[in-house]
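Here the structure is laid out as structure tokens; the discussion comes afterwards.
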Amino acid sequence: MRLQAFGIGLIAAGTVALTSILGAAPARADDNPIVIGAAIALSGPIAPYDEGPYKAMQVAIDEVNAKGGVLGRPLKLISSDTKSDIAYGATAAQDVIDKGATLVVVTCDYDYGSAAANVANSKNLIAFSTCAGDPKFGPAGIGPNAFTMATGSPGQAALMAEFAFKQGWKKAYILRDTSTAFEASFAETFKKRWTALAGADNFLGEDTFGGEDPQIATQITRIKALASPPDFIVLCSYPPAGSSAMRQVRAAGLNQPLLGSEDWDGDFWIEAIPGLTGLYFDTYASVFGTDPRPEMQAFLKKFNAKFSNRPITSHAVTGYSVIEAWTRAVQKAGSLDADKVRAALETFKDEPLLAGPTTFTPDVHINYKRDMIVIEVKDGKSGNSMGVFRAQEVPQ
């Protein structure tokens, strides 16, 4: 869901086709293609979260095209770079729409993707975020045509609270970045689930910080002044701001386990905290070759075969599933009409996708209970699998 600026060059949007009639001849890219427009961050600090999903869409599109396309037509993937600038999202969306996009795919975050989604929704086009995890991404926060392939922040937070409880840890403290809605909803749900599991007395408090390079000496002082130290700290943030905060926490001698979300996926940020140990986060898959699930191993093998490298983060899984979901809905609708495609998506009930069983209703276009892998960072390396889990209860 978020990221650190680090010059990622994404593949220029190429022509790729897609369809879904099994046994049909491969669709040709010049046969009146259906255009999918990605209004996403191809540069800047959010690019690491959009790079994998963008490339994974190409993997899925290749597969569908090889089977004959959708409604007898191939898909063509185009893009417009938001430059990780919230204000530029609307411009990027309009750009791909002007070039004929039927589906608009937007950034893996509510704050960074909602402007583009609003434009698509206003044009009565489906707007699909690869992995915006805040519950506002959908009918309530954007409009009826907005969907996200994410496992939402409440589901992730509940999963991590249950994981911590199973470890025998008792006293929790939250340190939260104020810059995005995802961190706020994650923190809120974690607190609810933790107090239900461990009791209100074992939630020691919450503090906040903000800024691209936060100085959190005051917050650290308050943690050290607690009557009893926390057994673990939930760091609701993301690189680079969160990396700075994490480095200061460790430098201050706070060596308790740290818990986080999918925001800590990958290892593009890890050199900022040399020798880091004791961070645990949940995410879609392990890109480090440690995922026990055959379907994830098979997907990562296909991704690597096409791009000669693994994804930066496992958010790639959600990009692949956006194409899975949308093409199935178009096939079911027998049409590209957004009203018909939306109605088809809203019939999904535990639809089997790579990202996990997916359900959409007219009121809810996000999922909360799916399997996610918990990854441990140890001795400066990410990727140790702690197992695959699913939230048992997600507070509302």
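The values are calculated or read from the model by the stated rules, or taken from the named source; none is laboratory data. Just so it is clear, the model here is predicted, and its values are computed rather than measured. Cβ placement follows ideal geometry from the backbone for every residue including glycine, while neighbour counts extend to all protein chains displayed. For the accessible areas, the whole protein counts, side chains as well, though only heavy atoms, and no ligand, DNA or RNA atoms are used. Shrake-Rupley method; radii C 1.70, N 1.55, O 1.52, S 1.80 Å.
List of remarks:
- Summing Cβ point charges (Lys, Arg +1; Asp, Glu -1) relative to the Cα centre of segment 239-301 gives a dipole of roughly 200 debye.
- Each 20 Å bin from zero up to the one holding the largest Cα-Cα distance in the chain carries the following percent of pairs: 30, 57, 13, 0.
- Counting only Cβ charges, +1 for Lys and Arg and -1 for Asp and Glu, the dipole size of the chain around its Cα centre is about 560 debye.
- Top of Lys166, Lys136, Lys123 by mean-square fluctuation, Gaussian network on the chain, Cα under 10 Å: Lys166
- Taking every alpha-carbon pair under 8 Å whose residues sit at least 6 apart, segment 216-328 reaches a relative contact order of 21 percent.
- Charge tally in the Cβ shell below 10 Å around Ala343, where Lys, Arg are +1 and Asp, Glu are -1, Ala343 excluded: 0
- Computed from phi, the 3J(HN,Hα) profile of segment 259-264 under the Karplus parametrisation 6.51, -1.76, 1.60 (θ = phi - 60°) reads 10, x, 10, 4, 4, 9 Hz, with x in place of Gly and Pro.
- Around the amide H of Asp207, modelled in the peptide plane, lie the amide H atoms of Ile174, Leu175, Arg176, all under 5 Å away and 5 or more residues distant in sequence or on another chain.
- Put simply, when 379-390, 124-135, 53-64 are sorted by average Cβ atoms within 10 angstrom per residue, most first, you get 124-135, 53-64, 379-390.
- Rounded if a/c under 1.5, otherwise prolate or oblate - segment 63-194, Cα gyration tensor axes: prolate
- Within a Gaussian network of the chain (alpha carbon springs, distance under 10 Å), most fluctuating of Asn65, Asn309, Asn118: Asn309
- Long-range amide H partners of Lys83 with built H, under 5 Å: Leu42, Ser43
- GNM flexibility winner over the chain from Ile220, Ile46, Ile366 (Cα, springs under 10 Å): Ile220
- Rounded, prolate or oblate (a/c below 1.5 giving rounded, otherwise prolate when a/b exceeds b/c) for segment 201-342 by Cα gyration tensor: prolate
- Point-charge dipole on Cβ atoms (K/R +1, D/E -1) for segment 195-301, about Cα centre, debye to 20: 300
- The residues of segment 175-218 expose, per residue, 44 Å² of accessible area to a 1.4 Å probe.
- Here, segment 39-115 has an Rg and a Dmax of 13.0, 39 Å when only alpha carbons are counted.
- Cut-off under 5 Å, modelled amide H: who pairs with Gly380 long-range: Gly275, Leu276, Thr277
- Kirkwood Rh, angstrom, segment 258-396 [1 / mean 1/r, Cα pairs]: 16.5
- Solvent-accessible area of the chain (1.4 angstrom probe, protein heavy atoms only): carbon and sulfur portion equals 50 percent.
- When the chain is described by a simple charge dipole with +1 on each Lys and Arg Cβ and -1 on each Asp and Glu Cβ, the residue from Gly143, Ala41, Met386 located farthest towards its positive end is Met386.
- Above 18 Å, the calculated P(r) of segment 51-95 contains 45 percent of its Cα-Cα pairs.
- In order through segment 379-396: 3J(HN,Hα) via Karplus (6.51 cos²θ - 1.76 cosθ + 1.60), integer Hz, x for Gly, Pro: 6, x, 10, 9, x, 5, 7, 9, x, 10, 9, 9, 4, 7, 9, 10, x, 9
- Estimated [θ] at 222 nm from DSSP helical runs (n ≥ 4, -39500 (n - 2.57)) normalised by residues in the chain, nearest 500: -11000 deg cm²/dmol
- Among 103-110, 222-229, the order from most to least packed when residues are scored by Cβ within 10 Å on average: 103-110, 222-229
- Global geometry of segment 182-259, whether rounded, prolate or oblate, following the gyration tensor of its Cα atoms and the 1.5 cut on a/c: oblate
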